[in-house]
Amino acid sequence: MLKVFGYDLDILDSVDRVPGDADTDWEITYEPSADRWKRGVEQLQRGDREGFTKSMFTRVFYLNGDGD
């Protein structure tokens, strides 16, 4: 499964053009930023370092301007 974030849809469109794929060829899901950030923090608290990257990257997409 490919996880796609908001701006990644532009990237996905570029990827689709090379082999001639369409968005319907992918499984595209939506996850609210707050939920993803919370999962990242929980991972980090369990000692999973991937949680740090997930939570920091996701924070950029908060609508309160944190990523500006």
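All of the numbers you see were taken from the coordinates with simple rules; none came from a lab. Note that the coordinates shown come from a computational prediction; the quantities given were computed from them, not determined experimentally. With ideal geometry, Cβ positions are generated from the backbone for all residues, glycine too; neighbour counts draw on all protein chains shown.
What to note about this one:
- Under a model in which nothing but the beta-carbon of Lys, Arg (+1) and Asp, Glu (-1) is charged, the range 20-68 shows a dipole of about 440 debye around its Cα centre.
- Net +/- balance of residues flanking Trp37 in space, Cβ distance below 9 Å, scoring K and R +1, D and E -1: +4
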